[in-house]
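Structure first, then comments.
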């Protein structure tokens with residue numbers, strides 16, 4: 001098979017205590033146009049890594065004094081722009097799993113063919129290139145790093161948290177109100193991590209009936225239940241090697257929480273009606289718009305699962321705390337939907353922008369996006385002024401928003417705004433307000 005030479009010489013370090021193995025690999029890689037360094041032990045390999053930029057390390061595992069596992073750990077802890085392939089003459093499932101867990105991208109048992117070596121090398125370097133391109137795009141578009149639009153201090157803290165989370169495989173808990181962009185943050189973590197080339201699988205735990213959730217997550221074998229005419233893998237198997245995003249994890253039952261805890265502890269899943277568990281290499285990102293501490297106190301969320309998913313915590317601020325970003329987001333969505341519907345972009349009047357800044361935005365960024373989309377579709381002129389905005393926004397804008405109102409007056413305004421936004425739906429309003437329908441009814445009576 002004829003292979004295409006890389007457009008730019010990529011650097012590869014080959015590490016093996018067997019000189020003949022090093023020479024064979026070095027000769028094959030050089031024939032493909034790669035720049036190749038070699039070392040017969042880990043100590044010499046580390047010196048080369050410290051002095052030269054290396055794109056890929058190909059290392060043996062069993063070596064005297066210091067093992068290849070230690071070299072992989074060194075690469076993963078110190079070099080974010082370097083991939084690793086493991087080669088070994090002592091292949092085993094346990095060894096492969098350990099190598100991948102340590103941070104290897106590929107695992108090649110000896111003896112391997114020239115084609116297997118080149119294919120694995122190209123695959124690992126392609127994944128590295130994908131991550132580099134992603135980071136390069138993010139650097140070019142500084143106004144929207146990770147695809148998240150905003151320039152406020154609070155959103156920059158989120159950017160910093162994403163960068164740190166992307167360098168590890170630790171579980172992340174993303175919290176924030178509905179519409180703040182929790183899935184966007186989860187995608188940013190995945191696509192800037194070493195798993196970017198593998199699947200990202202989002203799962204809305206609250207949107208799947210409890211009776212189906214286990215099958216959807218873990219899969220089932222043929223005949224497991226009525227209608228199971230064939231075996232089917234679940235979301236965890238689909239996400240193997242990549243990331244699964246469990247949105248609204250607070251909506252899962254206690255029984256499901258126990259099963260998720262086992263996946264986190266044992267890194268394995270068991271399909272419904274199967275007696276044999278399957279190992280999975282999946283990073284878990286979880287999200288919720290509820291206060292898990294309050295659910296812990298009520299006993300509706302397991303404490304052990306909470307501590308398992310809350311290794312890294314990222315809280316996304318509501319839009320009302322991102323005053324600086326409201327104008328940026330409004331213009332961003334205006335450009336987006338003007339292009340989508342082939343209409344000239346409108347300008348916002350100063351009065352309209354004042355309404356935006358004063359409004360509480362209970363639906364957060366999602367509510368703002370939906371509003372701008374509606375305005376683009378319905379608007380005929382080039383200026384969006386206060387009269388074009390929804391009545392509940394205009395009503396809140398005409399009220400006095402200074403500091404001379406009582407707390408009771410502020411509460412009344414907010415409840416009225418929320419009710420207007422959800423067209424009088426008390427169930428939805430109570431959910432947004434974080435109170436029961438009974439409490440809402442009592443407040444409305446007053």
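All of the numbers you see were taken from the coordinates with simple rules; none came from a lab. Just so you know, these numbers come straight off a predicted model, no measurement behind them. Note that we place each Cβ from the backbone using ideal geometry, even for glycine, and neighbour counts take in every protein chain shown.
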At a Förster distance of 22 Å, what's the computed FRET efficiency of residue 300 paired with residue 183, Cβ-Cβ distance as r, to 0.05? 0.40
Equivalent-ellipsoid semi-axes (√(5λ), Cα gyration tensor) for the range 145-287, whole Å, largest first? 30, 16, 12
Beta bridges by DSSP in the chain, antiparallel share as percent, to the nearest 5: 5
Sticking with the crude label model, points 7 Å out along Cα→Cβ, report the distance from residue 112 to residue 335 in nm, one decimal please. 4.4
Hey, how much of the P(r) for the chain falls beyond 41 Å, as a percent of Cα pairs? 33
Neighbouring Cβ atoms within 10 Å as the yardstick, rank 190, 220 fewest first. 220, 190
Taking the beta-carbon count within 10 Å as an exposure proxy, list 69, 332, 156 from fewest neighbours to most. 156, 332, 69
List 34, 414, 359 from most exposed to least, where exposure is judged by having the fewest other Cβ atoms within 10 Å. 414, 34, 359
Rounded FRET efficiency, nearest 0.05, which uses the C-beta distance separating residue 281 from residue 230 and R0 of 30 Å: 0.75
Residue separation between residue 11 and residue 439 times 0.36 nm, minus their alpha-carbon distance, gives in nm 147.5 nm
Full-extension gain in nm, residue 354 to residue 374, via 0.36 nm per residue minus C-alpha separation: 5.3 nm
When the chain is modelled as a GNM with alpha-carbon springs shorter than 10 Å, which of 285, 212, 329 fluctuates the most? 212
Mean Cβ-within-10 Å packing, highest first, puts peptides 175-182, 41-48 in the order 175-182, 41-48
Label model pair residue 70, residue 167: point-to-point distance (7 angstrom along the Cα→beta-carbon line) in nm is 2.3
Given points 7 Å out from each Cα along the Cα-Cβ axis, report the residue 19 to residue 119 separation in nanometres with one decimal. 3.3
